[in-house]
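Report on the structure given below.
What follows draws every value from the coordinates through simple rules; no lab data is involved. Not measured: the values here are computed from a predicted model. Methodologically, a virtual Cβ is constructed for each residue, glycine included, from the backbone with ideal geometry; neighbour enumeration extends over all protein chains shown.
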Amino acid sequence: MKRLRIKIIFTIIIIIVALFLFEFLATVINPHLNLPHANVGLMVGGRDVSEYPSGYIKDRVLFWRLDPSFEEYNSIGFRDREISKEKNVFRIICMGDSITFGWPNKTENTYPKVLEKLLNSQFSEMKFEVFNAGVPGYTSHQGLVWLQKEIIKYNPALSLYIMVLMIEVVVIGQIKSRECCRNGL
């Protein structure tokens, strides 16, 4: 009985992995593929999923990224303003998938912007800048590559990576030394 149960569980896992792999490959090979489930009319946050934001460009390493020429994104491809060159600012760059990106919310209602407002209101002796580098659909691998390829160039005092994996939330943070923050970022 135990062997039968193990075989059934293993078979179900293989089927699920195969379906996810098919979905991924179909999207990578032909992102314009019209799959039947794409027109179901699913509502998320009171909006139809067909309203999912456009504004992507292909990336050789990351597969896709946010298009810097899109009106809502900065020149780096963050859903945010440009990064200032101001010193003595505690910069936080929030990375992740659509949860960080904040879809379908307005930019000012995403958690990076709410975090920035809270930090600046609670700690008036220091200025905080929190940037939204979330990209819908990114995996942890893409996030790591994005961090190594682009994010690290901006020398953030703190990098947050928040991503939802099924029902699990992964948070990775890194804080620099206090001397670095005192000497300007």
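Fewest to most neighbouring Cβ within 10 Å: what's the order for 114, 17, 89, 135? Walk me through the intermediate numbers first.
Working: 114 14, 17 10, 89 17, 135 24.
Lowest count first: 17, 114, 89, 135.
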Provide 126, 1, 163, 95 in ascending order of the number of other Cβ atoms located within 10 Å of each residue's Cβ, fewest first.
1, 126, 163, 95
Estimated distance in nm for a label pair at residue 120 and residue 14, the labels positioned 7 Å out from Cα along Cα-to-Cβ
5.6
Among the listed pairs 58/149; 85/153; 87/153; 58/85, give every one whose C-alpha distance is greater than 18 Å.
58/85
Could you run the Karplus curve 6.51 cos²θ - 1.76 cosθ + 1.60 with θ = phi - 60° over region 122-127 and give me ³J(HN,Hα) per residue in whole Hz, x for Gly and Pro?
8, 10, 5, 6, 9, 9
